[in-house]
Amino acid sequence: MNLKKKSQKAVVIFAVVVSALTLTFIAKMYTDDLFKTEEVVTNQINQELVDAFEKGQVSLLDPVPQALLDVDNPYDWTQRTTMGESYKWDHLLYNGKYYSYYGITTVLTLFMPYHKITGKYFSTALATYIYSMIALIFIALIYISVVKNWFKKIPFRMTIMGLFTTLIISGVTLNVVRPKFYELASASGLCFTAIGMFFIINSGIFQKKKIKKSFLFLSALFMGLAVLARVTAVFWCFACVIWILYGLIQNNKQNGKNAIEIIKYVLAAGVPYVVFGLIQMWYNYARFGSVFDFGIQYSLTINDFTQAKSTIELVMVAVVNTLLVIPTINSTFPFIHGNYDSMQLNGYYFVDTPCTMGLIARGLPILSVLYAPKLAKNFDKKEKIKLALTWLIPGIIFPLIMVSMTWENGYSIRYGCDYAWQFMMAGLAVMFYVCGNMKNEQLKKWIYRVFVLCTIWAVISTIAASIAVTPESTLTYYDNEKGMRIYCHLRNLIMFWN
């Protein structure tokens, strides 16, 4: 890819703009007055935490009803239903006070400053849309950087297909479908993670160039914000730390193990992680008396997390539905539907969203990672270690761990924001490497044709997942009457034969 060519640059911009317009269209379908900044119906992130922080406390202001405190086990949903009094759903209950489990980055950087200035509460839906849009742009920039640095031999048309696939699989459209505080947390975590990874990928660590310490600092800054927004982003911090240590070796080679340069490198790359880590630990300790306690077990939700126990069956249900389950296709609009598989589980597993479509089933190029072991035979030990650090751990190992960990919270398609685009990038990296070194031009053409079909399928199936909940359904997200009409017009337009 050569963005110095105006034609190629225009096509790349077109691909990003189309993706952004798709995101905006879906967001507008589900949210009336999307671009209205003021929130009418508030929640624990954009209002309750704001009010608490402005009062100088980490516990929420609303008092806990005595009836809830008198329940033998308030974390047991069945016991709470019999107490005859309302309580704060999906809040944390600890030592007689309400707390919030969700990250505070958005509170500190957006919601509280907005409230201080205007006296009003910022819209969760608009915030989710903004974070999703920023994430989309930076994921595109990361993809372009990766292709320019490692896969210059790939035909431009193939890189564009990869860009479309990566953007649609990233999950940005799935966050704006139901823009509540759950999706806000996912969108903000995705946003700050993408920005942080953009800076470290372009810092020079992987290109054997002069390392830009300012980029390492900015990467660490945004990755720290990502963890404060969504704790699962800590895995990507681990990945960045591995890359930073790898880059330190390169930095020493460039500067002859100069002590001053080593100190500068370590401070630039490490200080933000230390600062934000201390902030998170203080926040945990101030709430629950332990720097490592995030409080999930105190949630007032469907599951009693104080009694939750991991089993291989629960983990497998999570893995199968998140990655592998194949959606069903029928004549009912939008034709592609979720296909939840309980795997004959003898127990309870929470399903939050009905559009159960496996990530790999939507993003078929991810399957390219299966070819990686055979490909590894072509490299020596040193190169294998480098590839494991740069691609295997962040692209495959960490996403698989994150998928496995969702067993406790159940299935929700929004969880893909935590790992989907990284998984896709790993698959595309394998495919691009193979194609870039392939001598058989005819086979390369066939791979491209299959790739085009995979891209079309990824776009169609993900958009179907984004609008899968029909307005007539009891599971509808359509609080927006205009959006419901758009959906019905779209359905009637496509199903012209009815």
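The values are calculated or read from the model by the stated rules, or taken from the named source; none is laboratory data. Just so it is clear, the structure is predicted and the values come from calculations on it, not from any experiment. Cβ atoms come from the backbone with ideal geometry, glycine included; neighbour counts cover every protein chain shown. Side chains included, ligands, DNA and RNA excluded: accessible areas come from the protein's heavy atoms. Shrake-Rupley method; radii C 1.70, N 1.55, O 1.52, S 1.80 Å.
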*With the full set of protein chains in place, find how many percent of the accessible area of region 111-204 is carbon and sulfur; take the probe as 1.4 Å.*
67 percent
*Semi-axis lengths (Å, descending) of the ellipsoid that matches the C-alpha gyration tensor of region 196-324*: 36, 19, 11
_Treating the chain as a set of equal point scatterers at the Cα positions, no solvent, please give the Debye-formula log₁₀ I(q)/I(0) at q = 0.06, 0.09 Å⁻¹._
-0.29, -0.67
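Please compute the volume of the convex hull spanned by the alpha-carbon atoms of region 69-220 and report it per residue in Å³.
178 Å³
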*Per the helix-only calculation at 222 nm, which mean residue ellipticity applies to the chain, given -39500 (n - 2.57) for every DSSP H run of n ≥ 4 and division by its residues, nearest 500 deg cm²/dmol?*
-17500 deg cm²/dmol
*Distance from the Cα centre of region 11-64 to that of region 272-327, in angstrom?*
23 Å
*asked:* Between Glu261 and Glu383, what's the calculated FRET efficiency when r is the beta-carbon distance and R0 is 35 Å? Round to 0.05.
replied: 0.85
_Per-selection Kirkwood Rh - region 6-84 (Cα, Å, 1 d.p.)_ = 17.5 Å
*Before anything else, pin down the relative contact order of the chain: Cα pairs under 8 Å, at least 6 apart, normalised by residue count, whole percent.*
19 percent
_Suppose R0 equals 60 Å. What FRET efficiency, 1/(1 + (r/R0)^6) with r the Cβ-Cβ distance, do Ser404 and Asp32 give to the nearest 0.05?_
0.95
*Could you grab the relative contact order for region 239-371? Cα pairs under 8 Å, six or more apart, rounded to a whole percent.*
14 percent
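Rounded to the nearest 20 debye, what is the charge dipole size of region 233-368 about its Cα centre when +1 sits on each Lys and Arg Cβ and -1 on each Asp and Glu Cβ?
For region 233-368, the charge dipole is close to 540 debye.
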*Restrict the search to region 97-182; then list the trypsin sites (Lys or Arg not before Pro) that DSSP places in a loop and that have at most 10 other Cβ atoms within 10 Å of their Cβ.*
none
*Restrict the search to region 240-286; then list the trypsin sites (Lys or Arg not before Pro) that DSSP places in a loop and that have at most 15 other Cβ atoms within 10 Å of their Cβ.*
Lys257
*Taking the highest mean first, how do the peptides 72-79, 240-247, 428-435 order by number of other beta carbon atoms within 10 angstrom per residue?*
428-435, 240-247, 72-79
*Over the chain, average the accessible area per residue using a 1.4 Å probe and give it in Å², no decimals.*
46 Å²
*Out of Asn330, Gly347, Ile385, whose Cα points farthest toward the positive end of the dipole of region 287-392 (charges: +1 Lys, Arg; -1 Asp, Glu; placed on Cβ)?*
Ile385
*Those lysines that a straight Cα-Cα span of less than 22 Å connects to Lys377, excepting residues fewer than 8 apart in one chain*: Lys153, Lys386, Lys439, Lys444
_Just to confirm the filter: which trypsin sites (Lys or Arg not before Pro) across region 406-446 are DSSP coil and have at most 13 other Cβ within 10 angstrom of their Cβ?_
Lys439
_Can you compute the radius of gyration and Dmax for region 114-195, using only the Cα atoms, both in Å?_
15.7, 54
*Which helices count as membrane-span-like in the chain under these terms: full DSSP H, at least 18 Å along the axis by C-alpha, Kyte-Doolittle mean of 0.0 or more?*
6-30, 124-150, 156-169, 181-201, 213-229, 234-255, 259-288, 420-436, 441-466
